[in-house]
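What follows is a set of notes on a single structure, which appears directly below.
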Amino acid sequence: MKNRNDNLKRVIVDFKKLTPEILALLVEKYPDGYDDDHIISFRNQHNEIIEAVEVTTADTKYLVKVSTKLAVTMENYDEDDYEDFDNDDPEAVQPPDTEDSDDDND
């Protein structure tokens, strides 16, 4: 018997490509945030290990790469912040100000 998710289009989404629609789905599915049990690990076409959380629409399975930016953005989500944008506009979701943004110097 085929699973209904077998025919879904699969899309890997980086924070830079996150849309208000996908962010809303994430917050709805993980209202208290995601934890290690929700994270899926897999290798991409470059053989790099990717960690992501999954949300599904009627025709697409989104694998959203986990990051500090994603966790903070989900935590501070307010749908009113996105009312002036289209649901599929990746420019709408801006990276949050994180205190440890100078980690590159370690």
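Where in the stretch 50-67 is the amide nitrogen less than 15 Å from a point lying 7 Å along the Cα-to-Cβ axis of TYR30? Within reach of a label on TYR30: 50-56, 62-67.
GLU51 sits among other residues whose Cβ lies under 13 Å from its own Cβ, and their net charge, with Lys and Arg +1 and Asp and Glu -1, is -4. Tell me which label goes with the value of semi-axes √(5λ) of the Cα gyration tensor in Å computed from the coordinates here: (1) 23, 19, 13; (2) 25, 16, 10; (3) 23, 14, 13. The value matching this structure is (1).
Counting only DSSP H runs of at least 4 residues, each contributing -39500 (n - 2.57), and dividing by the residue count of the chain, the helix-based mean residue ellipticity at 222 nm comes to -5000 deg cm²/dmol.
Rule-based calculations on the coordinates, nothing more; no lab input. Bear in mind that the values here come from a model prediction, so they are computed numbers and not experimental data. Here Cβ is always computed from backbone atoms with ideal geometry, including for glycine, and neighbour counts include all displayed protein chains.
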